[in-house]
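Structure, as structure tokens:
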Amino acid sequence: MTATSPFKTDPDMDSKRPLPLSEGSRFFQRLQRRYVDVFATLPTGVPHRELLNQAYQQLRSQGHAVGPALRILRQWSMARLLTLDCDQGGSLETITLGVTQLAEMALDEACQQAFHDLDERHGAPMLASGERAEFWVVGMGKLGARELNVSSDIDLIYVYDEDGETAGNAQGIGKISVQEYFSRAVKALFTLIGETTEHGFVFRMDLALRPNGNSGPSVVSLGALEEYLLVQGREWERFAWMKSRVIAPRGALQNGSAVKLRSVILPFVFRRYLDYNVFESLRTLHQQIRDHAAKRSAGHPERANDVKLSRGGIREIEFTVQLLQVVRGGQFPELRTRPTLDAIQRVAKAGLMPAETALALTQAYVFLRKVEHRVQYLDDQQTHVLPPQDADLQWIASTMGYAASHDFLTDLDAHREVVAHEFDILLGGDRQCKSCATSVASERPELEAVLDLFQGEARTRLAHWQDSPKVKGLRDDARGRLMRLLQRTAQWLQEGRVEEDAVVRMADWMEPLMRRESYLAMMLERPAVHERLLRLLGAAKWPARYLVQHPGVIDELANGDVLQQRFVAQDFESELQARRAALKRTLEDDEENLLNLLRRAHHAEVFRTLARDVEGRLTVEQVADDLSAMADAVLRVTAEWCWSCLKNRHREEPLFGIVAYGKLGGKELGYGSDLDIVFVYEDPDERAPEVYGAFVRKLINWFTIKTAEGDLFEIDTALRPNGSSGLLVTTFAAFEDYQQQRGSNTAWTWEHQAMTRARFVMGHDAMASRFDQVRRSVISAPRDEASLKSEIVTMRNRVRMAHTIKPDLFDVKHSPGGMVDAEFAVQYLVLMQACAHPELADNVGNIALLQRAEVAGLLAKDVGVKASAAYRELRRVQHKARLNETPTQVPQADLQMERDAILALWQAVFPEAAKGLNKP
């Protein structure tokens, strides 16, 4: 053979220059000797889909049948990739994508040939509906993730949609069942792709991952697959199916039938709740892999240096990332991705892995995969073990850019050590309770023995579990986890790291959730989460109630930085949009999933704020600011998504706005507060009243309906024009007329009081600007002083009479000298004086407005300052009482100074009414 090899990087290379590194591969040398003349007729370039198809067609035109053509195509593709990788520094993605697209094309061509042959003999496989039965080749593992290595086998599972019968051949005979048809197709695929001939094979094929493994049928119906996964599916199979993807035939991808598999696979892989049960399963699987590798290397020390399966190898990187994906992918769909490198980035972006760790794992993965390829380039063997021969090792080092093999091995060890360290951190298990194992006699102690580790109220509360059906009904492994958790809790209690109240509240929280074993697993696997939970529960009662309602939020405690952060609306909204986009990619973005997505995200953010709050990281004002900003963000995103789901919407974006009143308007929102909001629109379209009416009803339903994840907010629209008798949504012009006293139907004084705290929270910028003008106009309008005082004092007395308070107690909100007095006084000052003092029109909160009023000379020296300080303290007391679920009425002497300061404010603003208000 005298033809020039098409794989030389420079045809004019000087004969004295060294040979290309690719020629150090014995596999490459064999390919050149055997196929150099054939290769010379084929195109050059990167063997991706278009070039693969071109080369395949050329081989077919040269007279090669499908099977031989695919095999020669594979040899040509491997030679091209080897040259690109070793001589031209091709990227890892270039190589893995080339191999993957070869597999996709080969499977598609083989399917077409198999179906053609079978249709001639038996007719098309038909369903009862009269449609042709669909067949899907599901690629698992690296094939599904588009990251095949150069000597990969391909893990396949064959699925068809429904049972039926073929139509028969042209003579009307030869009918067989649909399952038999596709079983024969599977055999034909192996013949065309997996069988070794004079040209080798296209790919080694492995069907061991199919239902029931090698003892199961080669092809299963979709219904049988669903039943298997539901009844018999094991934890390790979830990891296998996570990377699954329909590879062929191409027609099934184009006609959309492959989507049917998603509804079966996604619920199996990604559970609705955070799923920490998989830790132990993956730990066991990994130990089995290591044990198997150890057995293989027994007596063969050279086999111990496996870049895939040994400690710190490729598999540990994959396990590390996949574990985080499986645990959280049910609730965080943006983590659902197949390629390992992409998954690492998504995990890091979600805050589940430090950026520097993600970078280190990425670098290690690329390095190890490149080494793996070079090991396989040597002889085209499906191996991951470094060669024992010095010459081969030096060749690998040279193709990796190293002058000496020992430098290469040093870097290899460094990468593997990083991987092993991160893997051990993730799967290290329950290592922190070192004395637990010796604290009781049994390896799996019974509850009675564990109770002896507790005393007092904690022991009394936990003793109830001895008769609890939920505890008795736990499986053995879950019961063992519970006992180990209690041992660790007892140890921390003895060490003074947690309080007894926290243990009691943890028991109250755990008991109704006992059947959700994942939470037991999570706390056992994450001692830091367990300890933070106990600290949180020890600080206040309300967090325990919130955790019972929304148990999934506990995973937020896994992020050690959560206490140092603050809510950022832009990040929150971006994450929600990313999650919706992820759901859309898998066609799961229906209304129910969107409702649950909004609820999970909001509950998680509320819990983060709660954790910072009870740890003393936030002031009361900061808590209110964050909760208010959170509600604003939820309103914006929910309105956008709800509009997109409105069937009768008449434009892409609504000309619509939301005005917030009350606590949300004043940015003083608390935990569990409802939202006082008013809906307005400004749309000239004749359909607008009907469309926006339907939209607002749907939007309120989105906020208030209770799904499996709970609700978002209670909505109060009583402050809309004409209150509960008015329209649910009005034009902005009608809202403006009502507020500015135009026409016969106008706002009352108490509605203008509410306007002092009103705020435009979402909608078009032009509408926001108009609202600000209306608000300032209303607040700054001239008023009769005596009439305004009389109306506000009358309203205050109505509120006071509606709340009965014992004579010897002081209610921080409703008693004379309480928060309501300060709020009414501020509202009067704003409505009466904003015309002359426009700085009072700003919606900056009661504390700042009191200080501004004093600076403006409207209050005597120190009256505003002392009242603002008192108001701040009363808010703090109220906030703490609500967290602890204790009354907000205290002995009058406890807050006498604050009460006197507010009464002094009231005396200054309403001197005539002060005497009556001061009565107990």
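In table form, for the structure just shown:
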{"quantity": "Residue within the range 837-847 that is among the charged types (D, E, K, R), open to solvent by 30 Å² or more (accessible area, probe 1.4 Å), assigned to a loop (DSSP other than H, G, I, E, B) and at negative phi present", "calculated": "yes"}
{"quantity": "Candidate set: the range 510-531, residues that are buried (at least 21 other Cβ atoms within 10 Å of the Cβ) and either in a loop (DSSP other than H, G, I, E, B) or over 20 Å from the mean Cα position of the chain (by Cα) (or both); chosen: the one modelled with the highest pLDDT", "calculated": "530"}
{"quantity": "Residue, farthest from residue 719 (Cα to Cα), within the range 754-776, restricted to residues that are open to solvent by 70 Å² or more (accessible area, probe 1.4 Å) and of a type in the set (D, E, K, R)", "calculated": "765"}
{"quantity": "Residue 250, sole failed condition from (1) in contact with a Gly (Cβ under 9 Å, 6 or more places away or on another chain); (2) modelled with pLDDT under 95; (3) under 17 Å from residue 144 (Cα atoms)", "calculated": "(1)"}
{"quantity": "Residues being surrounded by fewer than 20 Cβ atoms within 10 Å (Cβ to Cβ) and more than 26 Å from residue 589 (Cβ to Cβ) - total across the range 622-648", "calculated": "2"}
{"quantity": "Matching entry among 473, 538 (being under 21 Å from residue 559 (Cβ atoms) and over 27 Å from the mean Cα position of the chain (by Cα))", "calculated": "538"}
{"quantity": "Residue tally, condition surrounded by fewer than 13 Cβ atoms within 10 Å (Cβ to Cβ) and either modelled with pLDDT under 90 or part of a loop (DSSP other than H, G, I, E, B) (or both), over the range 397-420", "calculated": "3"}
{"quantity": "Selection from the range 491-505 of residues that are surrounded by fewer than 19 Cβ atoms within 10 Å (Cβ to Cβ) and either in a loop (DSSP other than H, G, I, E, B) or in contact with a Cys (Cβ under 8 Å, 6 or more places away or on another chain) (or both)", "calculated": "491, 496, 497, 499"}
{"quantity": "Residue match in the range 355-363 (condition: over 15 Å from the mean Cα position of the chain (by Cα), under 21 Å from residue 148 (Cα atoms), part of a loop (DSSP other than H, G, I, E, B) and in contact (Cβ under 8 Å) with a residue 12 or more places away in the chain)", "calculated": "no"}
{"quantity": "All positions within the range 778-791 that are surrounded by 15 or more Cβ atoms within 10 Å (Cβ to Cβ) and either more than 15 Å from residue 755 (Cα to Cα) or without any contact (Cβ under 8 Å) to a residue 60 or more places away in the chain (or both)", "calculated": "778, 783, 788, 789, 790, 791"}
{"quantity": "Test set (1) farther than 30 Å from residue 537 by Cα; (2) charged (D, E, K, R); (3) surrounded by fewer than 18 Cβ atoms within 10 Å (Cβ to Cβ) - residue 894 fails condition number", "calculated": "(1)"}
{"quantity": "Single match in 685, 676 (criterion: part of a strand (DSSP E or B) and touching a residue at least 24 places away in the same chain (Cβ under 8 Å))", "calculated": "676"}
{"quantity": "Considering residues of the range 421-441 that are open to solvent by 60 Å² or more (accessible area, probe 1.4 Å) and of a type in the set (S, T, N, Q) only, the residue modelled with the lowest pLDDT", "calculated": "438"}
{"quantity": "Identity of the residue in the range 232-247, crowded, with 19+ Cβ neighbours inside 10 Å and of a type in the set (Phe, Trp, Tyr), that ends up modelled with the highest pLDDT", "calculated": "241"}
{"quantity": "Residues of the range 580-594 satisfying the condition of being at pLDDT 90 or above and open to solvent by less than 20 Å² (accessible area, probe 1.4 Å)", "calculated": "594"}
{"quantity": "Filtered residue count, the range 595-621, keeping only those that are part of a loop (DSSP other than H, G, I, E, B) and surrounded by 14 or more Cβ atoms within 10 Å (Cβ to Cβ)", "calculated": "4"}
{"quantity": "Condition broken by residue 589, with the remaining ones in (1) part of a loop (DSSP other than H, G, I, E, B); (2) farther than 30 Å from residue 264 by Cβ satisfied", "calculated": "(2)"}
{"quantity": "Pairs where the first residue, in the range 101-125, is within 16 Å of residue 248 (Cβ to Cβ) and in contact (Cβ under 8 Å) with a residue 12 or more places away in the chain and the second is in a loop (DSSP other than H, G, I, E, B) and open to solvent by 30 Å² or more (accessible area, probe 1.4 Å), C-beta under 6 Å, 6+ apart", "calculated": "101/48"}
{"quantity": "Selection status of residue 535, open to solvent by 50 Å² or more (accessible area, probe 1.4 Å), assigned to a helix (DSSP H, G or I) and either at positive phi or in contact (Cβ under 8 Å) with a residue 40 or more places away in the chain (or both)", "calculated": "yes"}
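Okay, residues lined up against (1) open to solvent by 40 Å² or more (accessible area, probe 1.4 Å); (2) under 19 Å from residue 545 (Cα atoms); (3) free of Cβ contacts under 8 Å to residues at least 24 places away in the same chain; (4) assigned to a helix (DSSP H, G or I):
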site: 465; (1), (2), (3), (4): no, no, no, yes
site: 479; (1), (2), (3), (4): yes, no, no, yes
site: 489; (1), (2), (3), (4): no, no, no, yes
site: 507; (1), (2), (3), (4): no, yes, no, yes
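The values are calculated or read from the model by the stated rules, or taken from the named source; none is laboratory data. Since this is a predicted model, take the numbers as computed values, not measurements. No Cβ is skipped: glycine too gets one built from the backbone with ideal geometry, and neighbour counts run over all protein chains shown. Side chains included, ligands, DNA and RNA excluded: accessible areas come from the protein's heavy atoms. Shrake-Rupley method; radii C 1.70, N 1.55, O 1.52, S 1.80 Å.
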